[in-house]
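Scroll down for the structure; my scribbles are underneath it.
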Amino acid sequence: NAGVTQTPKFQVLKTGQSMTLQCAQDMNHNSMYWYRQDPGMGLRLIYYSASEGTTDKGEVPNGYNVSRLNKREFSLRLESAAPSQTSVYFCASTGYFRGHTEAFFGQGTRLTVV
Amino acid sequence: SQQGEEDPQALSIQEGENATMNCSYKTSINNLQWYRQNSGRGLVHLILIRSNEREKHSGRLRVTLDTSKKSSSLLITASRAADTASYFCATALNYGGSQGNLIFGKGTKLSVKP
């Protein structure tokens, strides 16, 4: 099993450009998440999807949109990138594993907006 | 605001010493989990303690939970340079509607010097 796969690993954008971060999981998990991680800020939840067809805002949703394309895939879109969106982005999924909910993370996308 | 807060934010020790990290949380939980993040990588699940447990061991890891104080600690004994990483606590909230949601703290950055 590949687990959670994110693409791309690195990206540089100019202010105002758009892009989509892709995430796929092969563990048949219902819930998927997008986080951003900034120095000293820990993980902040951008959006999550509790199940296929549903999405909800997290702590810092402004400037982002998401699509839960199917059970496997959950994409994050930046319509008009800003320097404040320079960050490392992590996709995660959670599933019921050994009697409890456990999170599995992708390797991250390092995004720089210049 | 963050559900889980780790303390200290950063910890530097010598190889062979023990490392203790603490986590405080605010609301009733179903379980508390600790994750590890190597530099530039995604988070990886380490250990879970349920709300009705007080202590749990896994190899060199020891986790305690005090629900009356809403706090947990992670002890790494006989630390190694390879333990250098950031450690996050995550709480699974105690209501069915959020079965899939884990709330992460800001993390403790551990540096183990050889």
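The values are calculated or read from the model by the stated rules, or taken from the named source; none is laboratory data. Here the structure is a predicted model, which means the values were calculated and not measured. Cβ: placed from backbone, ideal geometry, glycine included. Neighbour counts: every protein chain shown.
Worth a mention:
- Those residues of the range A:66-114 which are touching a residue at least 60 places away in the same chain (Cβ under 8 Å) and aromatic (Phe, Trp, Tyr), in sequence order: A:Tyr89, A:Phe90, A:Phe104, A:Phe105
- Selection within the range A:1-24 - assigned to a loop (DSSP other than H, G, I, E, B) and in contact with a Phe, Trp or Tyr (Cβ under 8 Å, 6 or more places away or on another chain): A:Gly3
- Selected residue (only one of B:Ile29, B:Ile47 is more than 12 Å from B:Tyr87 (Cα to Cα), surrounded by 16 or more Cβ atoms within 10 Å (Cβ to Cβ) and out of contact with any Cys (no Cβ under 7 Å at 6 or more places or on another chain)): B:Ile29
- Test: residue in the range B:68-86 that is within 14 Å of chain A (Cβ to nearest Cβ), in contact (Cβ under 8 Å) with a residue 40 or more places away in the chain, closer than 22 Å to B:Leu102 by Cβ and within 13 Å of the chain's Cα centre (by Cα): yes
- Residue list for the range B:13-45, restricted to those being within 13 Å of chain A (Cβ to nearest Cβ), touching a residue at least 24 places away in the same chain (Cβ under 8 Å) and of a type in the set (A, V, I, L, M): B:Ile29, B:Leu32, B:Leu43
- Meeting the requirement of 2 or more residues that are at pLDDT below 90 and either within 18 Å of B:Lys106 (Cα to Cα) or within 14 Å of another protein chain (Cβ to nearest Cβ) (or both), the strands (runs of 3 or more DSSP E) wholly within the range A:25-81 are A:42-49.
- Taking the range B:70-95 as the range and being assigned to a loop (DSSP other than H, G, I, E, B), loosely packed, with under 14 Cβ neighbours inside 10 Å and either modelled with pLDDT of 95 or more or aliphatic (A, V, I, L, M) (or both) as the test, the residues that pass are B:Ala78, B:Arg80.
- Residue within the range B:96-103 that is more than 10 Å from chain A (Cβ to nearest Cβ) and either modelled with pLDDT under 95 or outside any loop (DSSP other than H, G, I, E, B) (or both) present: yes
- Strands (runs of 3 or more DSSP E) within the range B:1-65 that include 1 or more residues under 14 Å from the mean Cα position of the chain (by Cα) and among the basic types (Lys, Arg): B:29-37, B:43-50, B:55-58
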